[in-house]
């Protein structure tokens, strides 16, 4: 991946400069760089602690902006000189108004946990961090409707509504850092999508600041409202390219009275599909997650201490693992269904599973989940990851992982100093595989071996090159593998309509 | 006291069902106790005790004749017994108390366990009692020691390593003490209480969970044991500790006099 570190850009960023990257943006207009005068102006709108810039009055050393300029994986690096952290929507509006006038690029940033480089600048755009907008505006425990600022961390929202016996409709490994505004802007999926659906369904309203500073308030707490085009759907998943999400109204779900999980050990991946069918039949409405990790992913997770490993004797001969979670209103009812399922699985003539572990306490429940949720972190500790988040038919999951590994082997790249592991894990229930290629370091050689190989492979299955991670800067050139030319053309028209000056998150999604 | 010939070991593991350690506990509105409508699980130290018993059997094989678990508690405690059976215990005893009964105290529990052990004499007796050093709800840490006293058995507490030396008919138990650890050489029968470092309890695997359903649980009442579990202590009131007040704005003091003045202001120093 390109590793851009621009030390100082005193003059206007031009198209010619941006062409020196691999991607040639066609919609990027000439954008201005931030100057000292801009920062002086921002310092009038925001309190001193909300402006972090190498320019005065902040005059911070550039290292202090490092975390804002770099993504979570350390794969994408921007060169912003200025981070703004507004406290309310009015401030966001004034910032955007100024940036629209001055044609300064703006990168909205939440928890910066995205995996496609969408939350860091491509050059020296202003980073607009939503972290200070962390007020919970209201919560109705009867309807479960939560209205909050965009900068609230997902886990804090979960903790806030817990005493009212509600849970957020989404959950993901990054919950301790990701913010709800970012979740909405990326239409985050996660571990609960199977049960609670996508954000396109659970978000009831948005407050958005448009690129020119206009505030569009669609913060509704209405469950049903069919009065015209549903504009909020455009912003859900727009990855900050159409405007800045500042407020979210979301429908939370009643917390299950009983939760249980079990890890099932399978000898062969081909048993996952029939297992999924049986599990769905037996568990029916209490099934809340069905996750798959291959042996490689399990080994990495346990190697890096993510959750406690199963007994060696249980893991012998295992090809892959499935984590099943149930959530329901009555513990005895759920346990009865679960026990019936497990008994029938174990006593079948041709058992699909060799063994499994059923959690016996809340501590074990978390530990089993950690084995799945911790894979992402284990991968980042093991090396540098190329992540391909794809939607493909369930039957193809193993074939895609194997084909990728074989392809790399043929290119002589499967070695300790190049590609260490090729693993797969993901949301079987949603048809979403996370193919991870773990390398010693990022390198052009590995990247060109993987792309467009993986995208073409996905296209051959008529799948999606980005199931839930989004486009960011990583896949702007790859949309055509999944969307037709007409669709892409109309997406460009919508981008032009909202942001003809091209200041919102330039170089991302639609270029 | 016992000959040093090889003996078959009968292990008894008393366990307790407690509020799970991850739960945020709240005082109930009547201020008589904590809200018990929360998740419960096996006392972690007792889990370690069950694990240790199973490991001893894995090492000594058929020389361990039986591993029995026992609990004293309401009907729901039976689930905790099933978990222990799934981890490898052979059978269980449930001294059942009514749902509304107050929690028994260490002395009462120890007397009940003594009665259970006396009953077991006809079935081969009990040679080794392994139990948690304390329960995480009351943190009393007394039951093991009281039991040993009532039975007049040796006790090895806060065990971080248990080594059954059958050849010599003794058990070497390494226990944690303030200064480090000590090793006690104990004769059987013996009471051992477990500490955190002893082992890491296993997950119960599915086949074992299924098998556990068929293992026997014997139900008894305190009356069967001729034991009275009425508490001897009366809880007057339970309240949360006062909320911690912040230390005030973080300020550096420039010298000792300023520090003393500030301490006096805060009422922490009288003169």
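Across segment A:173-186, not a single residue is classified as surrounded by fewer than 22 Cβ atoms within 10 Å (Cβ to Cβ) and outside any loop (DSSP other than H, G, I, E, B).
Out of all the residues in segment A:340-358, is one or more at pLDDT below 90 and surrounded by 20 or more Cβ atoms within 10 Å (Cβ to Cβ)? No; the residues of segment A:340-358 include none that is at pLDDT below 90 and surrounded by 20 or more Cβ atoms within 10 Å (Cβ to Cβ).
When residue A:328 is tested against the conditions (1) over 23 Å from the mean Cα position of the chain (by Cα); (2) within 24 Å of residue A:172 (Cβ to Cβ); (3) within 14 Å of chain B (Cβ to nearest Cβ), the lone failure is (3). The listed residues are B:268, B:196, and the only one of them that is away from every other protein chain (no Cβ under 14 Å) and more than 23 Å from residue B:95 (Cβ to Cβ) turns out to be B:268.
Just to confirm my filter: which helices (runs of 4 or more DSSP H) fall fully inside segment A:246-315 and include at least 1 residues that are more than 12 Å from chain B (Cβ to nearest Cβ)?
Numbers: elements: A:272-283, A:295-303, A:312-315.
Filter on segment A:246-315 gives A:272-283, A:295-303.
Which residue, of A:318, A:309, A:289, is surrounded by 17 or more Cβ atoms within 10 Å (Cβ to Cβ) and under 19 Å from residue A:348 (Cα atoms)? Criteria check complete, one pass: A:318.
Among the residues of segment B:116-132, how many are closer than 18 Å to residue B:73 by Cα and in contact with a strand residue (DSSP E or B) (Cβ under 6 Å, 6 or more places away or on another chain)? Steps first, please.
Pass one, segment B:116-132, residues closer than 18 Å to residue B:73 by Cα: B:116-117, B:131-132.
Subsequent filtering for residues that are in contact with a strand residue (DSSP E or B) (Cβ under 6 Å, 6 or more places away or on another chain) retains B:116, B:131-132.
Here the count works out to 3.
Looking only at segment A:337-360, residues that are farther than 20 Å from residue B:41 by Cβ and either assigned to a helix (DSSP H, G or I) or more than 12 Å from chain B (Cβ to nearest Cβ) (or both) come to 12 in all. When residue A:396 is tested against (1) within 20 Å of residue A:421 (Cα to Cα); (2) away from chain B (no Cβ under 14 Å); (3) surrounded by 21 or more Cβ atoms within 10 Å (Cβ to Cβ), just one condition goes unmet, and that condition is (3).
Which count do you get for residues in segment B:45-73 that are within 14 Å of chain A (Cβ to nearest Cβ), at pLDDT 95 or above and part of a helix (DSSP H, G or I)?
Summing the residues that are within 14 Å of chain A (Cβ to nearest Cβ), at pLDDT 95 or above and part of a helix (DSSP H, G or I) in segment B:45-73 gives 8.
Considering segment B:201-248, the residues that are under 27 Å from residue B:32 (Cα atoms) and touching a helix residue (DSSP H, G or I) at 6+ places or on another chain (Cβ under 6 Å) include one that is farthest from the other protein chains (Cβ to nearest Cβ), namely B:227. For segment A:81-107, the tally of residues that are crowded, with 24+ Cβ neighbours inside 10 Å and out of contact with any helix residue (DSSP H, G or I) (no Cβ under 7 Å at 6 or more places or on another chain) stands at 6.
The values are calculated or read from the model by the stated rules, or taken from the named source; none is laboratory data. This one's a predicted model, so the numbers in the text were calculated from it and none came from an experiment. Methodologically, a virtual Cβ is constructed for each residue, glycine included, from the backbone with ideal geometry; neighbour enumeration extends over all protein chains shown.
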